[in-house]
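The values are calculated or read from the model by the stated rules, or taken from the named source; none is laboratory data. Not measured: the values here are computed from a predicted model. A quick note on method: Cβ atoms are made from the backbone with ideal geometry, for glycine too, and the neighbour counts reach across all protein chains shown.
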Amino acid sequence: FTRKIQSPSLTARQELKRRAAQLRRKADWYLKPMERMIFLASGVMKMAMKKRRMRIANSRKMTIQRLKNLRLMTQ
């Protein structure tokens with residue numbers, strides 16, 4: 001969300017609020033309550049979500065790799 005707003009009119013402010021709420025809802029799903037508090041306090045919500053997504057993807061990749069290796073070894 002990088003669009004700059006020159007004069008924050010009421011509508012722009014509402015837009016920002018709505019956006020924040022959306023992010024929060026999306027994140028609720030993966031954060032433990034305590035983490036959620038911390039992330040809402042700082043503005044690194046999106047980063048945290050991205051990192052988490054990366055972590056999940058990486059572990060999945062690793063698992064697939066491990067399975068392939070096992071298959072090769074057992075042949």
Worksheet entry | Conditions (1) at pLDDT 80 or above; (2) surrounded by 10 or more Cβ atoms within 10 Å (Cβ to Cβ); number of the one not met by Arg71 | (2)
Worksheet entry | Residue that is modelled with the lowest pLDDT, among those in the range 9-27 that are surrounded by 11 or more Cβ atoms within 10 Å (Cβ to Cβ) and within 22 Å of the chain's Cα centre (by Cα) | Ala27
